[in-house]
1. Can you name the residue in region 488-531 that is among the hydrophobic types (A, V, I, L, M, F, W, C), in a helix (DSSP H, G or I) and under 17 Å from residue 154 (Cβ atoms) and, of all such residues, is farthest from the chain's Cα centre (by Cα)?
2. Could you check region 447-487 and list, in sequence order, the residues that are outside any helix (DSSP H, G or I) and open to solvent by less than 50 Å² (accessible area, probe 1.4 Å)?
3. Would you check if residue 378 is open to solvent by less than 60 Å² (accessible area, probe 1.4 Å), part of a helix (DSSP H, G or I) and out of contact with any Lys or Arg (no Cβ under 6 Å at 6 or more places or on another chain)?
4. Picking from 709, 682, which residue would you name as being surrounded by 21 or more Cβ atoms within 10 Å (Cβ to Cβ), free of Cβ contacts under 8 Å to residues at least 60 places away in the same chain and in a loop (DSSP other than H, G, I, E, B)?
5. Residue 587 is checked against (1) modelled with pLDDT of 95 or more; (2) over 22 Å from residue 692 (Cα atoms) and fails just one. What number does that condition carry?
6. Looking at region 246-262, I want the residues that are within 20 Å of residue 215 (Cβ to Cβ) and open to solvent by less than 20 Å² (accessible area, probe 1.4 Å) and have a partner that is among the aliphatic types (A, V, I, L, M) and not in a helix (DSSP H, G or I) with Cβ atoms under 7 Å, at least 6 apart or on another chain. Which pairs are those?
7. The conditions are (1) more than 29 Å from residue 421 (Cβ to Cβ); (2) at pLDDT below 95, and residue 179 fails exactly one of them. Which is it?
8. Looking at (1) touching a residue at least 12 places away in the same chain (Cβ under 8 Å); (2) surrounded by 17 or more Cβ atoms within 10 Å (Cβ to Cβ); (3) out of contact with any His (no Cβ under 6 Å at 6 or more places or on another chain); (4) more than 23 Å from residue 95 (Cβ to Cβ), can you tell me which one residue 671 breaks?
Amino acid sequence: MTDLSTRSADRHGTRTAQPPPRPEAGTHPHAEARPDTGIRTDTDTGAPPGGGRGARDRAWIIRTYAGHSSPAESNALYRRNLAKGQTGLSVAFDLPTQTGYDPDHPLARGEVGRVGVPIAHLGDMRGLFDGIPLARTNTSMTINATAMWLLALYQAVAQEQGADPAELAGTTQNDIIKEYLSRGTYVFPPGPSLRLVTDLIAYSVAELPRWNPINICSYHLQEAGATPVQELAFTMCSAIAVLDAVVATGTIPAERMAEVCARISFFVNAGERFVEEMCKVRAFGVLWDDLLRSRYGVSDPAARRFRYGVQVNSLGLTEAQPENNVIRIVLETLGVTLSKDARCRALQLPAWNEALGLPRPWDQQWSLRVQQILAHETDLLEYDDLFTGSPVVEERVRRLVADATAEIDRVQAMGGAVAAVESGYLKSALVCAQAARRARIESGEDVVVGVNRFTETEPSPLLAELDTAIQTVDPAFEQAARDSLAAWRAGRDPSAVREALLGLRTAAGTEVNLVPATLACARAGVTTGEWADTLREVFGEYRAPTGVSDAVGAGGGATGLDELRALVARTGVALGRPVKMLVGKPGLDGHSNGAEQIAVRARDAGFEVVYQGIRLTPGQIVAAAVEEDVHVVGLSVLSGAHLDLVPEVLDGLRAAGAGEVPVVVGGIIPPADARELARLGAAAVFTPRDYELSAIIRGIVDVVRSRHALDHP
């Protein structure tokens, strides 16, 4: 990712000139060259000289977020996308890789290759980038808890290709704080996790001068329900926590902090309210500039630029009338491309059918073409900023900055982002914001076309073959990954592995930078699980607050809640005690928004709710259901592993003598899979089409009443 623009903003939203942006480092060789600066005008209107077409600004890096099944399958997909004009890579890793487990670990069951590519060792990384010259490729890797490990594998492969580490360009996401709040792929406690982050930053500044060692993410905060103000404030608080931790290590001299700050990039979300989203990005620039100048003494304006990439919002994509998602994606794209002064430098778009399942290569191609049409067919890149001087934009930016500053001050008064994570404040705030959003949709205050309004529709030819409208991952890939892992272990030097892991364990017990020991592990043939397990032994593991117990629910604003409460109360009387529900997240899927909202609404409706958070084995869920003596178990699985994990829970309940406890399932579940789950014993299946939380809870109450032979009212 490169610099945001040729300008920055002060606190009041006015724009001040800055040096032109540096060219994007490491752009793929097939990327089209563009001038570094915008057009020059002969008037103050922004029109090209002489009224003709002017020179075009550089287009952003065009990516698709991709990876699935195996390194070989993902490599073939990358090659096809690059041949179609994609100018950078964005790697999706599967959940075992993200959370530090090998494919043969019990928690990896059903998750291998589902939502990304499995990378268990150096051989897998070689296969992933086979034939792709890493010295000439800009690669973004969505990886956090195991970022140090994956970058070590990447560097090792690049050097095997003959690349100098100084040539490598790209980004490791490496923003662990938001993992405690949204995606859930954290492993270690906050303290050791921040050490891994700061060690990677220090190493990259010294050894990888073109690599962005962290990509601080607001994207996932918006997906978790954050308002624009929360997205701004919580992201800046995360940045403060990271930069303060870098300063505290004492490894970066004060005079080099500007270099560190210039290497930090951001990953931003963009929703459909594209005017507000554009103003939000301008506000990010104001806040970042002020923070670096006032807190860290960065005087170089170029080092204070807000440098960001984007994936537009996936939360708003709908299962109902999914063809509408294409225009949603386009509108979201405009919020981060239409304004030159707030334009992203890298962009990846979801596919129209992601609310249904894993997109096919054709679906990704469609999203790729959206970017290319916007960048190359329109005149978007021919003009200076279209909104400079707009009183509407300036006032909205001013208000966002003021409100976000107040929230930043509130979090800092609590001790900063890490303390606010540990206290549960940040998570509760997001759960509350998400509950309010859902209530607005249910009441109709927020219109979602095709969902709560304009629901009449013709049959969609895109869904004529519904079960083939998405890509499925062959379960055989999981066994193949396990077989490959066994062969890798058998073919390596055991003594070299033991020596490398001992070096890592020893280093982890000191304050030395962990990257060199991690690189030694990568080259010795250590696996992802072995690297992470060694650090687990030293650092321990962590379970973040769920935010549910302190969250304020929808209250009377939710549709039909009073009637639902009365039904739940009558059911509890008939059962002799309050209706009790266990909400469980089996497997490694850390996207807990849906589970949290179900837990909050069920509690608001009068249920007694047991929710223990993410990353539980089916056996742990069964044990909790039996111990808590619940009336119903609700499972949330968004990773596609439902056919592996749900049957284990059903079988476990039967084996524990609790087979009469009904199990309901929610997630991104294709119709054929829903039918199979019903055949296996699931009492109900809910998908994104079921958007009314109160209706879902009503369905769960009906399941309980039916199982206990209570008359339906």
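The values are calculated or read from the model by the stated rules, or taken from the named source; none is laboratory data. Quick caveat, the model's predicted, so the values are computed rather than measured. All Cβ positions, glycine included, derive from the backbone under ideal geometry; neighbour counts span all protein chains shown. For accessibility, only protein heavy atoms count, side chains too; no ligands or nucleic acids. Shrake-Rupley method; radii C 1.70, N 1.55, O 1.52, S 1.80 Å.
1. Step by step, filter region 488-531, then rank; the result is 524.
2. Hits for region 447-487 are 448, 450, 451, 452, 460, 469, 470, 471, 473.
3. No; evaluated as a whole, the condition is false for this residue.
4. When all the criteria are applied, what remains is 682.
5. So residue 587 meets the others, but not (1).
6. 246/252; 257/298; 260/252; 261/298
7. All conditions pass for residue 179, except number (1).
8. Going through (1) touching a residue at least 12 places away in the same chain (Cβ under 8 Å); (2) surrounded by 17 or more Cβ atoms within 10 Å (Cβ to Cβ); (3) out of contact with any His (no Cβ under 6 Å at 6 or more places or on another chain); (4) more than 23 Å from residue 95 (Cβ to Cβ) one by one, residue 671 breaks only (2).
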